[in-house]
Amino acid sequence: MKLDQTLYDVAADVFESLAFMLLMPDDTIDTGDVRASAVRVDFSGPFAGQLFLRVPEATLSALATNMIGLPVGETPSAAQQRDALREVANVITGNLLPKVASREAVFAVHAPDIVSDGAIPAACGAGQGAAHAKIVLDEGFAELALFIPESVVDKAAASS
Amino acid sequence: MPLNVLIVDDSSVMRAMVAKTLRIAGVDIGEIHQAANGQEGLDALRDHWVDLVIVDINMPVMNGEEMIDAVRKDPALQDLPIVVISTEGSQTRIERMERKGAKFVHKPFTPEVVRDVIADLLQG
């Protein structure tokens, strides 16, 4: 599905360029039964929706370490890790929306919120379509879900 | 001559990234001051001599655009070089920032882009 690919491409670019993480080809990685942290980004504008990002704890620590540029042997604090996760989600959302809508569209991207149970919901609101992506990284993986109106999902599919 | 830089972003991780990027880019840095929102940024400008402001747009309390408007209205600060580093994807909003005299760098960014934008801004 085209929107899945767009979500994957944008997120992959952000993980590579912002967090200096390499993409790996392994598609068989088990993402279910691991301790993970998740963040939610709400946005509004021409349409409203949510982006969810979930990463396992080990990946999150590496993410924060890479972004901050911590010396070898130094571990990022829990606050730094949460901040890194929020910021990556924020950058993915900001780069994704012009590709889903248009470059002229003006969105309000709200401050990312940590999801208390570390999970991505199966659905988010009535009438919402979804796109999903799983990115396998040298330091683990990242899972994403984008919830936006079905009409926007259908339009994206039709334009492929 | 070393530049005193003010970095304004509500993410402490992003502020650290920007500082790291400036060093990697070879920008001659003096003091680095940090602020978590536009109001703290204005307070920092009153307390410290700053040669360059690097600011995000979407922040609580006072956003980057509001901070830029306040800076441009202050006779003591109005010509301060400003670089906006943001995820902002709306061309409409980007052009609005540029009309306020700010340069724009999109997140994610590379050290080379940041270096070139700063060089261009300071020469102009």
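Over the stretch B:20-87, what relative contact order in percent results from Cα pairs under 8 Å that are six or more residues apart? Don't skip to the end; give the middle numbers.
On the way: 66 pairs, mean separation 21.4, N = 68.
Computed value for the stretch B:20-87: 32 percent relative contact order.
Hey, any idea what Rg/Rh is for the stretch A:57-140, computing Rh the Kirkwood way over Cα pairs? Spell out each step's value before the answer.
Working: Rg = 15.3 Å, Rh = 15.1 Å.
Rg/Rh: 1.01.
Charges at C-beta only: +1 for Lys and Arg, -1 for Asp and Glu. How large is the resulting dipole of chain B about its Cα centre, in Debye rounded to 20? Provide the component values of the computation, followed by the final result.
Numbers: 13 positive and 20 negative charges, 41 e Å.
Here the size comes out at about 200 debye.
With +1 assigned to the C-beta of every Lys and Arg and -1 to the C-beta of every Asp and Glu, and no other charges, what is the dipole magnitude of the protein assembly as shown about the Cα centre in debye, to the nearest 20?
Numbers: 23 positive and 41 negative charges, 97 e Å.
Using only the charged Cβ atoms, the result is roughly 460 debye.
What whole number of Å gives the distance from the Cα centroid of the stretch B:1-67 to the Cα centroid of the stretch A:111-160?
Cα centroid to Cα centroid, the span is 32 Å.
What Kirkwood radius, in Å to one decimal, follows from the Cα pairs of the protein assembly as shown? All intermediate terms of the calculation are to be shown ahead of the outcome.
On the way: mean 1/r = 0.0511 Å⁻¹.
Here the Kirkwood hydrodynamic radius works out to 19.6 Å.
Testing the spin-label approximation: label points 7 Å from Cα along Cα→Cβ at B:Arg115 and B:Arg23. State their distance in nm.
1.6 nm
Once the piece of chain linking A:Lys2 and A:Val34 is laid out straight, how much longer is it, given 0.36 nm per residue of separation minus the C-alpha distance between them?
On the way: separation 32, 0.36 × 32 = 11.52 nm, distance 2.83 nm.
My answer for the length gained is 8.7 nm.
Got the relative contact order for chain B handy, in percent, Cα pairs under 8 Å and 6 or more residues apart? Let's see the in-between values first.
Working: 204 pairs, mean separation 30.1, N = 124.
Worked out over chain B, it gives 24 percent.
Picking from A:Ala108, A:Ala62, A:Ala122, which is most flexible by a Gaussian network model of chain A using Cα springs under 10 Å?
A:Ala122
In percent, how large is the relative contact order of the stretch A:53-160, given Cα pairs closer than 8 Å and 6 or more residues apart?
Working: 100 pairs, mean separation 33.3, N = 108.
Reported relative contact order: 31 percent.
Tally Lys and Arg at +1 and Asp and Glu at -1 over the other residues with C-beta under 13 Å from the C-beta of A:Leu7: what net charge comes out?
Working: positive: A:Lys2, A:Lys99, A:Lys134; negative: A:Asp4, A:Asp9, A:Asp13, A:Glu143.
Surrounding charge for A:Leu7 is -1.
What is the local net charge at A:Asp83, summed over the other residues whose Cβ is closer than 11 Å to its Cβ (Lys, Arg +1; Asp, Glu -1)? Write down the numbers at each step before the final one.
Numbers: positive: A:Arg82, A:Arg86, B:Arg15; negative: A:Glu87, B:Asp9, B:Asp10.
Summing Lys/Arg as +1 and Asp/Glu as -1 gives 0.
What distance in nm separates the two pseudo spin-label positions at B:Glu31 and B:Asp51, each 7 Å out from Cα along the beta-carbon direction?
It works out to 1.4 nm between the two label points.
Charges on Cβ only, +1 for Lys and Arg, -1 for Asp and Glu, centred on the Cα centroid of the stretch A:9-138; of A:Val91, A:Gln128, A:Pro25, which one is farthest towards the dipole's positive end?
A:Gln128
Can you give the local net charge around A:Ala105? Use residues other than it whose beta-carbon is closer than 12 angstrom to its beta-carbon, Lys and Arg +1, Asp and Glu -1.
Values: positive: A:Lys99, A:Arg103, B:Arg93; negative: A:Glu104, B:Glu88.
Combined, the nearby Lys, Arg, Asp and Glu give +1.
Just report the Cα centroid separation between the stretch B:73-105 and the stretch A:53-84, whole Å.
Using only Cα atoms to place each centre, the spacing works out to 30 Å.
Each value in this text was obtained by applying a stated rule to the coordinates, not by laboratory testing. Given the structure is predicted, the values throughout are model-derived calculations rather than measurements. In this analysis, Cβ positions are derived from the backbone assuming ideal geometry, glycine residues included, and neighbour counts consider all displayed protein chains.
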